C-alpha cells in the first residue's frame, strides 16, 4: 500500500515527534511504501528569537530532514511551504504525483488539507486524533482552524471513550474508532537495569486553548497539578517533573513546586531522541496528572509519553481519564483520582517493584506494539 503520513515535525521537539513518526516508520517496517509530508505557512517559519525568516533560510527545513533520516524515511519526504510555492525534499510536482497514486492519506496534525493537490487525490483519508475533546469541540463549533473531519473516511482517536455514553463530548454523528498509540518497541527497549529513585514525568503547565461544553470549562493541566503539590512530602517519594512553564509568572509557578519538595528540570534538554529515551529509562516510574479536559469529560485519553514509559519497563501511575475499561490497570499501570489513591499507588509500586516493571513492559507489548496496532488500523480501513 502507498501511504502518505503527515504531521507537525519541522519545528517540534523530539518528545512530540516520536508519536507522529511511529505511524510512518511503523508502516514502512511492515513493508508499505510510505511518504512523509508536512505543510507549513509563513507563521511557522521563525528564527531563534521568534522573528520571521524566509522559508529558504528556516532551520525547520534541516530539522525536518534530520528527523526523516533518523526514522529511515528520507528521501520520500516533502516539506511544503504554503500551497507548494517552495518545498524541501521532493519537489511539489513529485509530491502531487505521489498523492495521485496513493492509497491512503494519514493526518495526525498539521494543515495538509490546505493543499488540495495533496489532500484530495488519495483513495482514502484517515484522521488520527491526539487531542480528544478539543478536536471534536472545535469541529462542532466550526471554530477557526478546525480540522475538516467530515472530509475523512476514517476517524481514529486516543480518546478511548469518545462516542460512548461514558463521554459527553459531541461527535456530530461521526464515527470515532478508539486507537492505542503505536510504539516501535525495538526503539524503546526495556530498561529495567537503569534505575534511579525518582518518579518522573515530562509535562506542560499552562497555555493550551480552552473550551466550554455544557457549562463546563476544559481548564488547564495546571488545574490538576495544583491538587497534588503536597505529594512529595506526604509520600516521602522523590518526584521530578521536566516541566515547561511559559507563563508570565513562571518563576512563582516553578517555585510552588520547589517549595514543596518537587525536583524541577528543564525539558529543553531533551531535544535529541536519545535524551528523551534515556530520561525515561533512568526513571523509577512515571507519576503524572492529566490535562483537565481529559479528566473532566472522561475521554479515556492515554498519553503518548506514558506508553513509552511502559515500553521501557517503567511502572506508570497516572490520573484517571476513564481508561480503566480499555487497558489493564492495577499492575504496571495504575490510576488515581485523589491524593489518597496517588499515595496508595506509589506504595504499591515500591512494595513490589520488579513485578510492576515486568507488567509495564507486558502491557506495552500487548496493547501498544506498532506492528500489531498499525496492522489492525489498516484492516479496519481496508475491511
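Quick notes on this one:
- Every condition in (1) farther than 30 Å from residue 30 by Cα; (2) buried (at least 20 other Cβ atoms within 10 Å of the Cβ); (3) assigned by TED's automatic domain parsing to the domain that holds residue 146 holds for residue 162 except the one numbered (1).
- Lone unmet requirement of (1) in contact with a strand residue (DSSP E or B) (Cβ under 8 Å, 6 or more places away or on another chain); (2) exposed (fewer than 15 other Cβ atoms within 10 Å of the Cβ); (3) within 30 Å of residue 106 (Cβ to Cβ) for residue 379: (1)
- When the helices (runs of 4 or more DSSP H) confined to the stretch 40-146 are screened for residues that are at pLDDT 95 or above and closer than 20 Å to residue 22 by Cβ, those reaching at least 1 such residues are found at 59-70.
- So residue 379, is it free of Cβ contacts under 8 Å to residues at least 12 places away in the same chain, assigned to a helix (DSSP H, G or I) and either on the phi < 0 side of the Ramachandran plot or not assigned by TED's automatic domain parsing to the domain that holds residue 106 (or both): yes
- The conditions of being free of Cβ contacts under 8 Å to residues at least 12 places away in the same chain, more than 30 Å from residue 31 (Cα to Cα) and assigned to a loop (DSSP other than H, G, I, E, B) are not met by residue 321.
- Residues that are farther than 21 Å from residue 291 by Cβ, in a loop (DSSP other than H, G, I, E, B) and in contact with a helix residue (DSSP H, G or I) (Cβ under 7 Å, 6 or more places away or on another chain), drawn from the stretch 147-186: 148, 172, 174, 182, 184
- Considering residues of the stretch 324-336 that are in a loop (DSSP other than H, G, I, E, B) and without any contact (Cβ under 8 Å) to a residue 24 or more places away in the chain only, the residue nearest to residue 303 (Cα to Cα): 329
The values are calculated or read from the model by the stated rules, or taken from the named source; none is laboratory data. Quick caveat, the model's predicted, so the values are computed rather than measured. We place every Cβ from the backbone using ideal geometry, glycine too, and count neighbours over all the protein chains shown.
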